[in-house]
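A short write-up of the structure that comes next.
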Amino acid sequence: MPKLFGTSGIRTTVDKLTEDFVTELGKSLGSYSKDKKIAIGRDTRKSGPQLEYYLINGILSTGKDIIKLGIATTPTVGMAAQDFGTAVMITASHNPPEYNGFKFWYKDGAYRPKQEDEIENIFFSRKFKSSDTKGKIDIDNYTEKHKERILKKVGNAENVNVLLDCAGGSGSVITPDLLKEMGCNVIALNTNQDGEFPHKLEPTAENLEEICKEVKSRNVDIGLVHDGDADRTAAIDKNGRLIDWDSFLAVLAYGKNKVVTTVDASMRIEEVCKKVIRVPVGDVAVSEGIRKEKADFGGEPSGAYIFPEVHLFPDGPLTAAIVAKLISENKFYEILEKIPSYPMERLKIPYSDGMKDSIMKKLKNIISENFTNIDGIRISRENCWVLIRPSGTEPFMRITAEGKDNKSLSSIVEDAKNLLKEAMG
């Protein structure tokens, strides 16, 4: 059976999201969900209103009611799902504007693979429920509720000077006001909601060059940047340098008792908290790990951070608020200076399509030292580690490695390349 869902919901180019496809997706969700009301939010993409219309029509035909959230962040939609039981975020996150997609939610977070499989079964079998009475539509401003929950948990951050880049995404409807209400002095850039993105939405150093210059020239305490749906936040230090993902993760994890992170995160996190549990890549796996282990923080080195005292999904506005709070208490830079920085290397090695499973099987057979295979193969040595895992979207094997010095890094990267060469041979 074909797959609709990838690693983060359904995401594709808009031309493939036809009226029939999206309407039947709505019918599938309405048929599957046991909840009477389904909340729907969207990011700022130009295709959003039309896709929302098609999806709502499909859901209404099954007799379910709709709660329209309008332009909202992904964590706002996640919060609505906690109340209504089911929600949908129409977004393609950090993908270019010609993309869009759907992320489904239930009361405990984003849909798990088993739930997505059941939606797919209904979609492809076309076993849709129909109702004599069509559902109705209500409007609710969950953004205010989201903001109030963060303010209640985090408190004030008086006189912190923040440059905030909303990147033309849905973070513009909450984070500027949130930080101002905390007492911050906010310079908010790119708060437009018309689907025009001022720069690429992936918060990388390359895409944020101009924003880094702005942070340096404006003499602020911190720069904060959202992606398109504001489930992620990047930080730029007061000197205009993007704080690398692993260091940012380590700052937020600092001093915690139990932290969940992914297999590709830096070993520096082990040096700043008592216990680290590693899980497969993806915020759903991190969320599940936090729930299972009763951890007090979780995240992955992509700007997705989870604070379980508030809820169990990544939240960009919440991350921004917590960073502002740390700065107001003179803790953020104090902690950042304590985080060690080790050399890392990331490589992509192409393989012939269809060979992924045989390569991974052969790798397991030829490796002579201990390894874990939670998500790919991770070899850990005293001063270094390497992760070999297939890309989820392209025919590439990814090698991610880190060493406490360049010598140990080069050695383990060379060993990983030789292992892959043998496994592909």
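The values are calculated or read from the model by the stated rules, or taken from the named source; none is laboratory data. Note that this is a predicted model, so its numbers are computed, not measured. Glycine gets a Cβ as well: all are built from the backbone with ideal geometry, and neighbour counts include every protein chain shown.
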Checklist outcome for this item: Filtering the range 274-320 down to residues that are more than 13 Å from the chain's Cα centre (by Cα), of a type in the set (D, E, K, R) and closer than 29 Å to residue 167 by Cα yields 309
Item to check | Identity of the residue in the range 33-45, closer than 15 Å to residue 81 by Cβ and touching a Phe, Trp or Tyr at 6+ places or on another chain (Cβ under 9 Å), that ends up surrounded by the most Cβ atoms within 10 Å (Cβ to Cβ) | outcome: 41
Next on the checklist: For the structure I just gave you, tell me whether residue 135 is at pLDDT below 95 and surrounded by 13 or more Cβ atoms within 10 Å (Cβ to Cβ).
Outcome noted: yes
Checklist entry - If you scan the range 201-249, which residues turn out to be touching a Pro at 6+ places or on another chain (Cβ under 7 Å) and outside any helix (DSSP H, G or I)? => result 225, 227, 230, 231, 232, 234
Checklist entry - Taking into account only those residues within the range 323-361 that are touching a Phe, Trp or Tyr at 6+ places or on another chain (Cβ under 7 Å) and among the hydrophobic types (A, V, I, L, M, F, W, C), which is surrounded by the fewest Cβ atoms within 10 Å (Cβ to Cβ)? => result 349
Checklist entry - What number goes with the only condition from (1) over 29 Å from residue 38 (Cα atoms); (2) hydroxyl-bearing (Ser, Thr, Tyr); (3) modelled with pLDDT of 95 or more that residue 172 does not pass? => result (1)
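The rows are residues; the columns are (1) under 30 Å from residue 202 (Cβ atoms); (2) out of contact with any Gly (no Cβ under 9 Å at 6 or more places or on another chain); (3) at pLDDT 95 or above; (4) not assigned by TED's automatic domain parsing to the domain that holds residue 21.
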residue	(1), (2), (3), (4)
61	no, no, yes, no
64	no, no, yes, no
71	yes, no, yes, no
74	yes, no, yes, no
77	yes, no, yes, no
80	yes, no, yes, no
85	no, yes, yes, no
91	yes, no, yes, no
96	yes, yes, no, no
Checklist entry - Within the set of pairs 6+ apart or on separate chains, which have a first residue in the range 388-400 that is farther than 17 Å from residue 262 by Cβ, a second that is crowded, with 18+ Cβ neighbours inside 10 Å and β-branched (Val, Ile, Thr), and C-beta atoms under 6 Å apart? => result none
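What residue, among those in the range 88-110 that are part of a loop (DSSP other than H, G, I, E, B) and more than 14 Å from the chain's Cα centre (by Cα), is surrounded by the most Cβ atoms within 10 Å (Cβ to Cβ)? It would help to see each step written out before you state the result.
Residues of the range 88-110 part of a loop (DSSP other than H, G, I, E, B): 91-98, 107-108.
Checking the rest, the ones that are also more than 14 Å from the chain's Cα centre (by Cα) come to 96-98, 107-108.
Details: 96: 13, 97: 18, 98: 13, 107: 13, 108: 16.
The selected residue is 97.
Quick one: which of 183, 195, 168 is of a type outside the set (Ser, Thr, Tyr), surrounded by fewer than 18 Cβ atoms within 10 Å (Cβ to Cβ), out of contact with any Lys or Arg (no Cβ under 7 Å at 6 or more places or on another chain) and in a loop (DSSP other than H, G, I, E, B)? Walk me through it before giving the result.
On the way: 195 fails: out of contact with any Lys or Arg (no Cβ under 7 Å at 6 or more places or on another chain); 168 fails: surrounded by fewer than 18 Cβ atoms within 10 Å (Cβ to Cβ).
Being of a type outside the set (Ser, Thr, Tyr), surrounded by fewer than 18 Cβ atoms within 10 Å (Cβ to Cβ), out of contact with any Lys or Arg (no Cβ under 7 Å at 6 or more places or on another chain) and in a loop (DSSP other than H, G, I, E, B) holds for just one of 183, 195, 168, which is 183.
From the list 373, 418, which one is surrounded by fewer than 18 Cβ atoms within 10 Å (Cβ to Cβ), without any contact (Cβ under 8 Å) to a residue 12 or more places away in the chain and under 24 Å from the mean Cα position of the chain (by Cα)? Break it down stepwise before answering.
Values: 418 fails: under 24 Å from the mean Cα position of the chain (by Cα).
Every option except 373 fails the conditions.
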Checklist entry - Of everything in the range 258-281 that's more than 16 Å from residue 248 (Cβ to Cβ) and assigned to a loop (DSSP other than H, G, I, E, B), which residue is modelled with the lowest pLDDT? => result 281
Checklist outcome for this item: Filtering the range 55-87 down to residues that are surrounded by fewer than 24 Cβ atoms within 10 Å (Cβ to Cβ), under 18 Å from residue 123 (Cα atoms) and in contact (Cβ under 8 Å) with a residue 60 or more places away in the chain yields 56, 60, 61, 62, 63
Checklist entry - If you check every pair at least six apart or on different chains, which have Cβ atoms under 6 Å apart with a residue in the range 32-46 that is in contact (Cβ under 8 Å) with a residue 40 or more places away in the chain first and a residue that is assigned to a helix (DSSP H, G or I) and surrounded by 24 or more Cβ atoms within 10 Å (Cβ to Cβ) second? => result 38/59; 39/80; 41/77; 43/170; 44/170
Checklist entry - What is the number of the single condition among (1) assigned to a helix (DSSP H, G or I); (2) farther than 30 Å from residue 177 by Cα; (3) not β-branched (Val, Ile, Thr) that residue 317 does not meet? => result (2)
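From 364, 292, which residue is free of Cβ contacts under 8 Å to residues at least 24 places away in the same chain, touching a strand residue (DSSP E or B) at 6+ places or on another chain (Cβ under 8 Å) and not in a loop (DSSP other than H, G, I, E, B)?
On the way: 292 fails: touching a strand residue (DSSP E or B) at 6+ places or on another chain (Cβ under 8 Å).
Criteria check complete, one pass: 364.
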